[in-house]
Each structure stands twice: as C-alpha cells, then as structure tokens.
Amino acid sequence: MPFKTGADFSVYDHLKYMEVSNSAFPVSAKGSVEFSADMTAETPGTVASLTQLGIFGPPFTWTDPSSPPVTPDYSAKVLQGQQAGVVLNMVDFCTGQLFDWFLAGDTAFTLIERLPTNVTLNTTNPNCPAATEVGRSKMYTQIVEEVPVTGGSHHFSISYSAKQNAVEYRLDGKLITRVNDVGIPLDRQHVNYTGTSPSLGPGENLKGKISSFSIGHGLFSLIDAFPYQHPEASELSVSIPVGTANPADAGKARLFGQGADGTWDNFVVTTIDKE
C-alpha cells in the first residue's frame, strides 16, 4: 500500500495482484460447483462518496490530474470496493463468464461479468475448442449489490448451478445475491442492480455452455468506465490519468493513495454431481 500499478488502457488498471488455480474444476450438467474462502480487508486511502472524472476519448487523452477538464465529459460515483478491493474470483476463461466478491474496509459487493475475447483470448485457447467470440453484444460488467461489513474475517462463497444456470453469493452463510439466466445482463432481465455499467447488447444465455471454473483471488481497482476502451465501443472510451498516488488527485486519477491489504484462508471447492 498504496497501489503503484496503473494504466489508462483497456482493463490493465484493474489487476493489482491476481492468482488463479492451476486446475479448472468441472461443473456437472445436472449439478453445481461452489468456491469459498475466508477473507479480511483493509483499504486505506479510499474516499467516501467519491466522484470519478474522465474525458471521452482514446487512452492517454487526459494524462495530467492537475489539469482537469473545465467541463468533464464523464463523471460517476465510485464505490469503496471499486477504489480498492480484496477479491474472490470464479471464472470460466472459455466463455469469459466471471463472478466476483469484492471486499473493502467497510463494504462488500457482488459482481457479475462476461469478459470479452480481446481479454480472455478464448477463441485461440487450445483448452477451449468450443469457444465463440465475445464482443460488444455479449460482454457486460455489473455490480449487483453492495452491503456493509465489519472488520475482521468473513466467509465468502460463490455457487454456480449448471442445472439452473444460476449463481448465488453468500456472506457468512447468508444469501446476498442470486442471479438467474447467467449470460443475460441484469438490465436486460429487468433485475435491480446498482445501475453501474448498463449493458451494450442482449447478452447470451449460457445454460449448457459452461463446463468448468477456475478459482482466483487478488487485489483490484475498478474505477474506470465500462466497456474499458473496448475497440467495438470506441465512442464510449473514457480516459483517466494514471496518477502518482497523490491524495489530492482523488477523483482525477486512477492512483490517488488508495491501497488494499488482504488475507485469504481456507479455500474450499465443493462439487455436486446432481442436484
């Protein structure tokens, strides 16, 4: 702490640290798989009620936080966990489907996302022979629900049912979020969510198309704007300066002195062949 890694290009600002299991854990077509872990988080330097500014344009359009635009093109509220988060990931690199728990010092939130092909490279991955292109119409990133948390260790789990094509997120055993019809963005399902990042297309129902998940964990930030400078949505590209971890740059840079200190323990993978 504080974060020192940042980039005003694609998704490369998001990952501050990430590890992914060497094994992918199969999902029975009639069963489910659950990933769980105990996590703690401290996220000093995060700012309450932070509004992030940006400029519509290609990467590096705006590079100096001390010279903000007179009238910003882009502004958005940024949750504490978006500024700095300790994260549990459940990811299928072949379809790009991803489920996350983000834990910060005082809050946690659930996130559902389908990563595009230019991030996963799924169509050229020899381990994904059935992979199809994921572009503007299918990709999405949506924060579902934010909840308050107290300090100390908490137990987080994410469970995906292939039979139901549904995911459930639990915190200390309590169900916080359930999403049905995985692959269809929440706004297209007319499901309540935080409102962050409306989808750009109808998505794709992934029932019967997910065969395994890998478990991951890491430290992340997520302060920039979906679709993260994706080439198929250049009109929505937002440039935000990287910054130098100066607290005075909060809301005008990706790095403004925030950071994350996290622990992960007791990783468990539970598979059920038939529900």
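The values are calculated or read from the model by the stated rules, or taken from the named source; none is laboratory data. If you're wondering where the values come from, they're calculated on a predicted model, not measured in any experiment. Cβ: placed from backbone, ideal geometry, glycine included. Neighbour counts: every protein chain shown.
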Q. Could you list, in sequence order, the residues of the stretch 179-212 that are more than 14 Å from Gly96 (Cα to Cα) and touching a Pro at 6+ places or on another chain (Cβ under 6 Å)?
A. Asp187, Arg188, Ser199
**Q.** Count - residues of the stretch 11-37 that are in contact (Cβ under 8 Å) with a residue 40 or more places away in the chain, closer than 17 Å to Val119 by Cβ and surrounded by fewer than 18 Cβ atoms within 10 Å (Cβ to Cβ)
**A.** 3
**Q.** Residues of the stretch 134-175 satisfying the condition of being aliphatic (A, V, I, L, M) and either touching a residue at least 40 places away in the same chain (Cβ under 8 Å) or touching a Gly at 6+ places or on another chain (Cβ under 6 Å) (or both)
**A.** Val134, Met139, Ile143, Val144, Val147, Val149, Ile158, Ala162, Val167, Leu171
Q: Tell me which of these Ala248 doesn't satisfy, since it passes every other one: (1) more than 21 Å from Val86 (Cα to Cα); (2) in a loop (DSSP other than H, G, I, E, B).
A: (2)
Q: Could you tell me whether Asn118 is touching a Cys at 6+ places or on another chain (Cβ under 8 Å) and of a type outside the set (A, V, I, L, M, F, W, C)?
A: no
Q.
Among the residues that make up the stretch 117-132, is at least one of them over 16 Å from Leu186 (Cβ atoms), in contact (Cβ under 8 Å) with a residue 60 or more places away in the chain and either charged (D, E, K, R) or not in a loop (DSSP other than H, G, I, E, B) (or both)?
A. yes
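Has the stretch 51-72 got any residue that is within 19 Å of Asp265 (Cα to Cα), of a type in the set (S, T, N, Q) and touching a strand residue (DSSP E or B) at 6+ places or on another chain (Cβ under 8 Å)?
no
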**Q.** Of all residues making up the stretch 124-150, the number that are out of contact with any strand residue (DSSP E or B) (no Cβ under 8 Å at 6 or more places or on another chain) and surrounded by fewer than 19 Cβ atoms within 10 Å (Cβ to Cβ)
**A.** 13
Q) Under the condition of being on the phi > 0 side of the Ramachandran plot and without any contact (Cβ under 8 Å) to a residue 24 or more places away in the chain, which residue from the stretch 181-204 is nearest to the chain's Cα centre (by Cα)? A) Gly195
**Q.** Any chance Arg178 is touching a Ser or Thr at 6+ places or on another chain (Cβ under 7 Å), within 30 Å of Cys128 (Cα to Cα) and without any contact (Cβ under 8 Å) to a residue 40 or more places away in the chain
**A.** no
Q. Looking at Leu121, Leu79, Leu88, Leu103, which is the one that is in contact with a Phe, Trp or Tyr (Cβ under 6 Å, 6 or more places away or on another chain) and either crowded, with 17+ Cβ neighbours inside 10 Å or not β-branched (Val, Ile, Thr) (or both)?
A. Leu88
**Q.** Candidate set: the stretch 39-71, residues that are within 15 Å of Ala250 (Cα to Cα), surrounded by fewer than 17 Cβ atoms within 10 Å (Cβ to Cβ) and not hydrophobic (A, V, I, L, M, F, W, C); chosen: the one modelled with the lowest pLDDT
**A.** Pro69
